[in-house]
Every structure is written in structure tokens, then in C-alpha cells.
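Visitor: Before I ask anything, let me first share the structure, which is written out below as C-alpha cells.
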Amino acid sequence: MQNVSLTLVQTFFMVAQAGSYSAAARSLNMSYQSAANHVRRMEQLIGEQLVKSDQGGKSITLTTRGQHLYKLLQPEIEPMLARLGIILDKERPIVRIGLPQAVFFYLLPEILAAFHAIHPDVDILAYERDTSLADLLKEGSLDVCVSERYFGDAGVPQHLICSSSLALVYPRTWGLPPAPADIAQWARHRPFITYEPGQMLRNLALDFLRLDGQEPRILIATSGSSSVKRCVEEGLGFALIPSWCVDARDVNLVALDLAESLPTVPIYFGEASFLNANPYVQTLCRLCGEMISARLKCGQSSRPAPPTSLS
């Protein structure tokens, strides 16, 4: 099978899907005889019969091995052909990346500038997603992802590129920050802005803020860190968000780093398994690791200082 060609695989797949050589040949814009020859060549390479022609040759049936091969190809061949079609249509390489909106907003622009300096002819398509990234990679809709989630899926290799801490964020007009040990008591009667149910950051925050079995009052739950932060900026409540969302420009906010009080939040780079040797994917993975780590270290010293007196 080392010399098998995509043409042979595609022809066999179309014959199996259409149920006849003639229908597959029409779809592939080739002759009936060429489609039959391609399948016979596949059978020679594999060493087993894949297709049986019914009398008259109007329809085919798959052998047991043919059925097995068709089922193996079914979830792979169509996304791959669709991706190849996009590349050929655009005449430029494309890398499709999925990631949460806040990760794109706060962390990715500098990375994309560095990436395009190295690969100026490669287009980036960014899809802002938080959930379903693993499924989108496996079905061929995405090439890579950056996520705080670990999928635990062998079909989607992930690499830990760095970890970040969470920060307590609240309007500066609220005054001095509490000591980390007193945050749960401080938060008890204050409105809490957090993430939608099921998100990891929401669960971490609720566990940390639970006091005497009681959770804080959730005023607003939304999808991403940038939306949570925007609500805090409007004075609607406090939140626990990744510390990289806050820097010295946020003069109306107080950010108290909770690195000593809460587990760090990992950031993973993942790719479709067949793309792990792709040079564009390798470049993007390296830049994400180097530049996000540098951004987080820089952010630790550039956050707004807490107020020195109550206002």
C-alpha cells in the first residue's frame, strides 16, 4: 500500500458510495473502464477482492474486505477532499484554527503577525469556538486549535504550551481588595459575573467561592472571558477570569492574581493527527508556545495596581 494513490482511493470510495461503476465514473468525469481499472489496481495493491460486479455490470456489491475499507474511509475521505478543494480553489495554503473568542482577542494577533512574517502566502481562517473543537478537528472542519480544555482523544494530539493563573477582577470603585483567604466571605453578598454552565472556569470559581455550602449569587452568565470582563467594566459585578485578560490599560479595574489560591489553567495547542508534521502547523505551534508564555510573564508585571485607599 506504500504506492497507493489518492486517485485510486477516491475512485474506490465513489464506486462503493454510488453502487455502480457508471455512476462513479460520471461523478469523477472519467470512463466506465477507467473506474473499473482503478478499482482493480486497488485490489492488486491490497491483495484482496474489494468489489463484485452483478450480472450485466449495472451495479456492484462490496466484499467483506471492501465493506470494511469503505467504512474506514468514510469519515476521512470527504473532509480531506473538501480541504484539498479549498486549497486548490484558493491557490494558497490555508490553516483553519479554532479557539475561544477571548484567546483570539487577547493572545492571537501578535502570533498571527509573526506567523505571516515567516509564511506570508498562508491564509489563516479563525473560528471562535469554545466547545466541539475536538469534533471539528476530527471531522476535518478545523486543522488546529488553541484551548484550555484537554480532550483526551488520541485522534486529536494536544501539546501543553503554558499555564495561566486566574484573577479576581472587580470595579476599582469598590475599594481595597480582600486578602485571598477572605475572598469567599467578601464575595458572599456581591453580584457575580461568570461563565455558562459546564465551563471549566465557572466550576473552578464556584468551588473556590463556596462558603458554608452556599455559592455566590450569579447575576450574569455568559460565554467567554471578554464578555465577562466587559460586564465587570460596566460595574455589574465581580468575576474570576484568566489573568491575561487584564493589563495596565484597565485602569478602572482591580485584578488580584490568585496563582497561590487556585490551580493554574492550562493552555493546549492541538492539531488533526495527520497534520503534526505540516510545516505551517509546526510554526504556529512553536509561536503559540513562545509568544503566549512571554505574554503571560509580561502581563504579571503590567496589571493595574490595587487602590491604596478606599474611595
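The values are calculated or read from the model by the stated rules, or taken from the named source; none is laboratory data. Here the structure is a predicted model, which means the values were calculated and not measured. Here Cβ is always computed from backbone atoms with ideal geometry, including for glycine, and neighbour counts include all displayed protein chains. Just the protein is used for accessible areas: all its heavy atoms, side chains included, with ligands, DNA and RNA removed. Shrake-Rupley method; radii C 1.70, N 1.55, O 1.52, S 1.80 Å.
Visitor: Short version: ³J(HN,Hα) in whole Hz for each residue of region 143-154, in order, from phi by Karplus 6.51 cos²θ - 1.76 cosθ + 1.60 (θ = phi - 60°), x for Gly and Pro, what are they?
Guide: The phi angles translate into 9, 9, 8, 10, 8, 8, 9, 9, 7, x, 10, 4 Hz.
Visitor: Just from the alpha-carbon atoms, what are the Rg and Dmax of region 95-145 in angstroms?
Guide: Rg, Dmax (Cα atoms, Å): 11.3, 31.
Visitor: Over the chain, calculate the relative contact order: mean separation of alpha carbon pairs under 8 Å at least 6 apart, over the residue count, as a percent. Working shown, then result.
Guide: On the way: 499 pairs, mean separation 60.3, N = 311.
Reported as a whole number, the value is 19 percent.
Visitor: In addition: Please give the charge dipole size of the chain, origin at the Cα centre, charges +1 on K and R Cβ atoms and -1 on D and E Cβ atoms. Round to the nearest 20 debye.
Guide: Dipole about the Cα centre, nearest 20: 420 debye.
Visitor: Once you have the Kirkwood Rh of the chain from its Cα pairs, apply Stokes-Einstein at 10 °C and 1.306 mPa s and quote D in µm²/s.
Guide: Numbers: Rh = 22.9 Å.
Rounded to a whole number, D works out at 69 µm²/s.
Visitor: Let me ask something else about it. How large is the charge dipole for region 195-234, taken about the Cα centre, if only the Cβ atoms of Lys, Arg (+1) and Asp, Glu (-1) carry charge, to the nearest 20 debye? Kindly include the intermediate steps, with their values, before the conclusion.
Guide: Working: 5 positive and 6 negative charges, 15 e Å.
Charge dipole, region 195-234, about its Cα centre: 80 debye, nearest 20.
Visitor: Something else: Once amide H atoms are built 1.01 Å from N in the peptide plane, which residues 5 or more positions from VAL51, or in another chain, come under 5 Å H to H?
Guide: Sorted by chain and number, the residues that satisfy this are THR63.
Visitor: Which order do the peptides 15-23, 64-72 come out in when sorted by mean C-beta neighbours inside 10 angstrom, highest first? If you can, show how the numbers build up before the last one.
Guide: Numbers: 15-23: 19.8, 64-72: 14.7.
The most tightly packed comes first, giving 15-23, 64-72.
Visitor: Using each residue's phi in region 131-140, evaluate 6.51 cos²θ - 1.76 cosθ + 1.60 at θ = phi - 60° and report the 3J(HN,Hα) Karplus result to the nearest Hz, with x for Gly and Pro.
Guide: 3J(HN,Hα) across region 131-140, in whole Hz: 9, 6, 5, 4, 5, 5, 5, 5, 8, x.
Visitor: Turning to a different aspect of this structure: Where does each of 164-172, 229-237, 206-214 land if you order them by average Cβ count within 10 Å, highest first?
Guide: Details: 164-172: 21.4, 229-237: 17.3, 206-214: 13.1.
For the peptides 164-172, 229-237, 206-214, the packing ranking is 164-172, 229-237, 206-214.
Visitor: Debye calculation, C-alpha points only, no solvent: report log10 I(q)/I(0) for region 114-266 at q = 0.18, 0.20 Å⁻¹, in the same order as the q values.
Guide: -1.11, -1.27
Visitor: Over the residues of region 23-73, compute the C-alpha Rg and express it relative to 2.2 N^0.38 Å.
Guide: On the way: Rg = 11.1 Å, N = 51, 2.2 N^0.38 = 9.8 Å.
Relative to the 2.2 N^0.38 Å estimate, region 23-73 comes out at 1.13.
Visitor: Skipping prolines and chain starts, which residues have an amide H placed within reach, meaning under 5 Å, of the one on ARG129, given they are 5 or more residues away or on another chain?
Guide: LEU99, GLN101
Visitor: About the Cα centre, and with charges only on the beta carbon of Lys, Arg (+1) and Asp, Glu (-1), how big is the dipole of region 164-311? Nearest 20 debye, please.
Guide: On the way: 13 positive and 13 negative charges, 44 e Å.
Result for region 164-311 is approximately 220 debye, rounded to the nearest 20.
Visitor: While we're here: What accessible surface, in Å², does a 1.4 Å probe find on TYR127, ignoring ligands, DNA and RNA and rounding to the nearest 10?
Guide: Here the residue's solvent-accessible area equals roughly 80 Å².
Visitor: For region 164-249, what are Rg and Dmax over the alpha carbons, in angstrom?
Guide: 11.9, 37
Visitor: Mind ranking 146-152, 217-223 by how tightly packed they are, going by the mean number of other C-beta atoms within 10 angstrom, highest first? Provide the component values of the computation, followed by the final result.
Guide: Numbers: 146-152: 17.7, 217-223: 15.0.
Output ranking for 146-152, 217-223: 146-152, 217-223.
Visitor: I've got another one for you. Taking θ = phi - 60°, what integer Hz values does the Karplus form 6.51 cos²θ - 1.76 cosθ + 1.60 yield along region 92-109, in sequence order, with x for Gly and Pro?
Guide: After applying 6.51 cos²θ - 1.76 cosθ + 1.60, I find 9, x, 10, 10, 9, 10, x, 6, x, 4, 5, 4, 4, 5, 8, 10, 8, x Hz.
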